[in-house]
1. Once amide H atoms are placed 1.01 Å from N in the peptide plane, what residues at a sequence separation of 5 or more from GLY110, or on another chain, have their amide H within under 5 Å of its amide H?
2. Give me the distance in nm between label points sitting 7 Å out from Cα along the Cα-to-Cβ direction at LEU51 and SER233, one decimal.
3. What size of dipole, in debye to the nearest 20, comes out for the chain about its Cα centre when the only charges are +1 on Lys and Arg C-beta atoms and -1 on Asp and Glu C-beta atoms?
4. Could you please state how large a percent of the accessible area of the chain is carbon and sulfur, counting protein chains only and using a 1.4 Å probe?
5. What number, rounded to the nearest 500 deg cm²/dmol, is the helix-based mean residue ellipticity at 222 nm of the chain, given -39500 (n - 2.57) per DSSP H run of at least four residues and division by all its residues?
6. If you bin every alpha carbon distance in the chain into 5 Å steps from zero, what whole percent lands in each bin?
7. Please give, to one decimal in nm, the separation of the simple spin-label points placed at ILE171 and ALA80, each 7 Å out from Cα toward the Cβ.
8. Averaged per residue, what accessible surface does the chain expose to a 1.4 Å probe, in Å²?
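The values are calculated or read from the model by the stated rules, or taken from the named source; none is laboratory data. Keep in mind it's a predicted model, so treat the numbers as computed, not measured. Cβ placement follows ideal geometry from the backbone for every residue including glycine, while neighbour counts extend to all protein chains displayed. Just the protein is used for accessible areas: all its heavy atoms, side chains included, with ligands, DNA and RNA removed. Shrake-Rupley method; radii C 1.70, N 1.55, O 1.52, S 1.80 Å.
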Amino acid sequence: MTRLEQIGFLVDILLSELPEYREQAQRFAPDADSRRRLLRSLMNVRPPLPLKAEFLAVQDKLLAVEREEKGIVDANSLFADGSNFALWQGDITRLDSDAIVNAANSAMLGCFHPCHGCIDNAIHSAAGLQLRDECARIMEAQGYEEPTGAAKITGAYNLPCRHVLHTVGPIVLGELADAHREQLASCYRSCLELAREKRLATVAFCCISTGEFRFPNEEAARIAVETVKSCASGVKVIFNVFKDKDYGIYQRLLG
């Protein structure tokens, strides 16, 4: 199959599962970029359903090619000699680390907003539908929403990393409170505890809660660096940033 044929095959399966989106799907242009955006949109809105082997086979081939095209970044190459901490600006879904951290919401099923710009959407879109399926099984077994500051670990599927650590950061509505600070610190501690439990050597943290959850960037970075430095024994940590603003803040805090 060509890439366009792969995309068409996957779109057809998703529309057979989600016929309520057929009319909206017709509004997408026939070019490859538009059809790929349609595919991502349908994957984003698809609830946890049984996964078809024929879908996964083609999805995985498509995502594997896209993974190589984006370029895989060797996490170990980012650390200076003797250092256990690194700062890297870029797309976290490119990192070949033992784990990357996903800033999830309390439902822990990924972002359902089509092609949304959040990290939750980016990670689930690059990993494939298996990630939402595993998260759904974890949450069904748990029986309640994930508490703020806690974390879960899953496979990474089509990502270059081996695992994804999902943590729910605090949502700041109004003034920043000490409770928000403690919840954010708990996110970092919970992820590092899981990393040590699973014997992971390298973990890449995103800027938890600073996007849609509106935690002030400067304070969030200070908490991240202080918490990680105090409890990252045995784990090498990459502070992953996407925006220039955050890069400057972390660069100053890390010296």
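1. Correct list: ASN105.
2. Output for this residue pair reads 3.7 nm.
3. Details: 29 positive and 34 negative charges, 48 e Å.
Roughly 220 debye, rounded to the nearest 20.
4. Numbers: 6090 of 12050 Å².
Using a 1.4 Å probe with all protein chains present, the chain comes out at 50 percent carbon and sulfur.
5. Working: 9 runs with 120 residues, N = 255.
It comes out at -15000 deg cm²/dmol, rounded to the nearest 500.
6. 1, 6, 13, 17, 19, 15, 12, 8, 5, 2, 0, 0
7. 4.0
8. On the way: 12050 Å² over 255 residues.
Ligands and nucleic acids excluded, the result is 47 Å² per residue.
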